[in-house]
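Written out below as structure tokens is the structure these notes cover.
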Amino acid sequence: MKIILGSTNVSKQRSILIAMKELGFDDVSIIPVSVNSQVNSKPIND
């Protein structure tokens, strides 16, 4: 099974692998993709 992850974060990749193994999926390939989240790093107040 191929999973496309919208992040290059290694801990997120590892978490997906752990979860998929617990669900019984052994043949998992994660494809990390760097994307722009378009979320501001600072909150906007009124």
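The values are calculated or read from the model by the stated rules, or taken from the named source; none is laboratory data. Note that the structure is predicted; figures quoted are calculated from it, not measured. In this analysis, Cβ positions are derived from the backbone assuming ideal geometry, glycine residues included, and neighbour counts consider all displayed protein chains. Please note that ligands, DNA and RNA were not included when accessible areas were found on the heavy atoms of the full protein model with its side chains. Shrake-Rupley method; radii C 1.70, N 1.55, O 1.52, S 1.80 Å.
List of remarks:
- Carbon and sulfur %, accessible surface of the chain computed with the full protein complex present, 1.4 Å: 52
- Accessible area (Å², per residue) of the chain, counting only protein heavy atoms and a probe of 1.4 Å: 91
- Bridgeable lysines around Lys12 (alpha carbons under 16 Å apart, same-chain partners fewer than 8 residues away excluded): Lys2, Lys21.
- Long-range amide H partners of Ile3 with built H, under 5 Å: Ser29, Ile30, Ile31
- In this simple spin-label model, placing a label point 7 Å from the Cα along the Cα-to-Cβ direction at both Ile3 and Glu22 gives a separation of 1.1 nm.
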